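Here is the structure we will look at.
The values are calculated or read from the model by the stated rules, or taken from the named source; none is laboratory data. All figures in this text were calculated on a predicted structure; none of them were measured in a lab. Virtual Cβ from ideal backbone geometry, glycine too; neighbours counted across all protein chains shown. Ligands, DNA and RNA are excluded from the accessible area calculation, which covers all protein heavy atoms including side chains. Shrake-Rupley method; radii C 1.70, N 1.55, O 1.52, S 1.80 Å.
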Amino acid sequence: MPLPLFIRNRSFRFKILSLVAFTGLLALCGLGSVSYIYNEADVPTLLMQTMGPQVAMLARELSTPVIAGDTGRAETELASLRLDPKVQTAVIYDSEKRPLASFRKNTAAGRTSMPFRPVGKYVSGNDLILSRPILLHGQPIGIVEVAQSFSAIAKSRWHFIVVVCSTFVASFSLAFVVATRLQRSFTAPLAELSDLARSVSKDKDYSIRASRRSGDEVGLLVDSFNEMLRQIQIRQEAQASAELSLRESEERFALAARGANDGLWDWRQSTGLMYVSPRGNQMLGFDELEKHWAVPDWMRHVHPSDRKRVASEWYAILRSGKEVFASECRMRHRNGSSIWVLSRGRAVRDAKGKVIRMAGSLTDITNGKVADSLTGLHSRFYFIDRLDSVIEASRDSEARFAILFLDLDRFKIVNDTLGHAAGDELLIEIAQRIRLAAQTWNPEREQSIAARLGGDEFAILL
């Protein structure tokens, strides 16, 4: 049965002292109850055991005086009882139930005279009265009644009980004092342990330790508490070191990415979302803010011609054991144009080999893709991309466009006779003239694109 709430919420010291006090009080009540019952029941029984044979012997001696009616001899026989301090009164009755002889001690003054009682034993106040028959040849010829007081025995018993109880109270008081001091030996460490735990919880300082004062269970508890603090301190230091290393690594990577002008992306399988850094979003014409993309939404920005290939490369990482992802593709800018992006990343797998995360970088490689490195004209990739856009636009409007294709005859002879350096100078000069011609034909230049398709082949989109 659980303890009452008002006891459960009290201190451990209060509970121990209450237990000692309650145990002592219960023992004292039990001792008093047993002593009272013993005094009430055992004293008359003890008197009966000593008084019974004495009265029986007296009854045998009184047969002659009673049958003869000799009062003097009967009183002489009763005189032997005067020496017994417990006997207070005695009466001899003849066969007619008339008093033949009697005596009463001075200490019995104030007692009422004993009425005639049949043979038996009786308790009246503090007196035990025995009534025994006087027999002659087995026939009753009278009765002798003797009253003994058990107040003296009871008084001595109560004196003994008082001494025992006093001794018990003194012992209990001493035990209470010892228990009070003893409980401090384990409540004080517990209180210190509680204060220390509260301090650790508040200040998060796991380097402090509790002091062990004994080798008992409380000492073992203190050792266990200190070991727990040590383990927490080790884990905290390891975690702090790991967090510091991670933070430095992230700062180093972010700084390197900013220096390389690259964007960052991080996809997690648990959420299905892909984090894109501010620089990555800026590449597509969005605000330079962090954003989380759903993979299908991100894929919609991939050029239709590259979308199937990129999706195939993405899912190949998820389904195979590869860890490195690398893909070049065109992505739609917010203004409708396209940019070339190199996406690189690495997959992280769980114990079962399942991809749970992929992270990497986004690099804008448009300049390398849209410009020819030798002549500075637009590249073949850019020309085809713009041509696709113009064709799509012409389907929705009546806009017209034209394509001029140019190549150089006998250009191979120049390379073979004068060398590749001379051939490159020739291509650069021709490219400058084509760019100037395209600007002259279309001064607004929104749709005029001059490109080198490869080798000695050029094209102009008007």
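Annotations
- Hey, Glu392 over 30 Å from Val302 (Cα atoms) and of a type in the set (D, E, K, R) or not: no
- Test result for Leu100, closer than 16 Å to Ala56 by Cα, more than 60 Å from the chain's Cα centre (by Cα) and either of a type outside the set (Gly, Ala, Ser) or at pLDDT below 75 (or both): no
- Applying the criterion of being part of a helix (DSSP H, G or I) and open to solvent by less than 10 Å² (accessible area, probe 1.4 Å) to the residues of segment 59-80, the residue that is farthest from Ile129 (Cα to Cα) is Pro65.
- Verdict on Ala175 being modelled with pLDDT under 75, assigned to a helix (DSSP H, G or I), open to solvent by less than 70 Å² (accessible area, probe 1.4 Å) and under 30 Å from Glu75 (Cα atoms): no
- Residue count for segment 125-147 satisfying the condition of being within 11 Å of Ile67 (Cβ to Cβ), part of a strand (DSSP E or B) and not polar (S, T, N, Q): 5.
- Matching helices (runs of 4 or more DSSP H) fully within segment 351-420 where at least 2 residues are at pLDDT below 80 and touching a Pro at 6+ places or on another chain (Cβ under 9 Å): none
- Phe405 vs. criteria open to solvent by 90 Å² or more (accessible area, probe 1.4 Å), touching a strand residue (DSSP E or B) at 6+ places or on another chain (Cβ under 8 Å) and either of a type in the set (Ser, Thr, Tyr) or under 30 Å from Ile317 (Cα atoms) (or both): no
- Considering the conditions (1) open to solvent by 30 Å² or more (accessible area, probe 1.4 Å); (2) modelled with pLDDT under 75; (3) among the aromatic types (Phe, Trp, Tyr), Tyr122 is excluded by exactly one of them, (2).
- In segment 355-376, the condition of being closer than 30 Å to Tyr315 by Cα and open to solvent by 80 Å² or more (accessible area, probe 1.4 Å) is met by at least one residue.
- Filter pass, Asp350 being under 30 Å from Leu461 (Cβ atoms), among the charged types (D, E, K, R) and open to solvent by less than 70 Å² (accessible area, probe 1.4 Å): no
- Of the residues making up segment 307-328, those that are over 22 Å from Leu273 (Cβ atoms) and surrounded by 15 or more Cβ atoms within 10 Å (Cβ to Cβ) number 1.
- Selection status of Gly280, out of contact with any Ser or Thr (no Cβ under 6 Å at 6 or more places or on another chain), open to solvent by less than 30 Å² (accessible area, probe 1.4 Å), in a strand (DSSP E or B) and over 22 Å from Ala393 (Cα atoms): no
Residue-by-condition table, conditions (1) modelled with pLDDT of 80 or more; (2) exposed (fewer than 10 other Cβ atoms within 10 Å of the Cβ); (3) out of contact with any Pro (no Cβ under 7 Å at 6 or more places or on another chain); (4) over 30 Å from Arg332 (Cβ atoms):
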site	(1), (2), (3), (4)
Ser207	yes, no, yes, yes
Ile232	yes, no, yes, yes
Gln236	yes, no, yes, yes
Leu246	no, no, yes, yes
Trp267	yes, no, yes, no
Leu273	yes, no, yes, no
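- Residues that are under 22 Å from Met358 (Cβ atoms), part of a helix (DSSP H, G or I), small (Gly, Ala, Ser) and open to solvent by less than 60 Å² (accessible area, probe 1.4 Å) are absent from segment 285-298 altogether.
- Tally, over segment 321-379, of residues that are without any contact (Cβ under 8 Å) to a residue 24 or more places away in the chain and acidic (Asp, Glu): 1
- Some residue of segment 210-228 being at pLDDT below 75, of a type outside the set (D, E, K, R), open to solvent by less than 50 Å² (accessible area, probe 1.4 Å) and not in a loop (DSSP other than H, G, I, E, B): yes
- Selected residue (criterion: nearest to Ser361 (Cα to Cα)) from residues of segment 297-334 that are touching a helix residue (DSSP H, G or I) at 6+ places or on another chain (Cβ under 9 Å) and aliphatic (A, V, I, L, M): Ala326
- Restricting segment 299-320 to residues that are in contact (Cβ under 8 Å) with a residue 40 or more places away in the chain and part of a helix (DSSP H, G or I), the residue that is farthest from Trp267 (Cα to Cα): Ser305
- Of the criteria (1) within 30 Å of Asp262 (Cα to Cα); (2) open to solvent by less than 40 Å² (accessible area, probe 1.4 Å); (3) among the hydroxyl-bearing types (Ser, Thr, Tyr), which one Tyr382 fails: (2)
- Once segment 426-455 is narrowed to residues that are charged (D, E, K, R) and modelled with pLDDT of 75 or more, the residue that is least open to solvent (accessible area, probe 1.4 Å) is Arg452.
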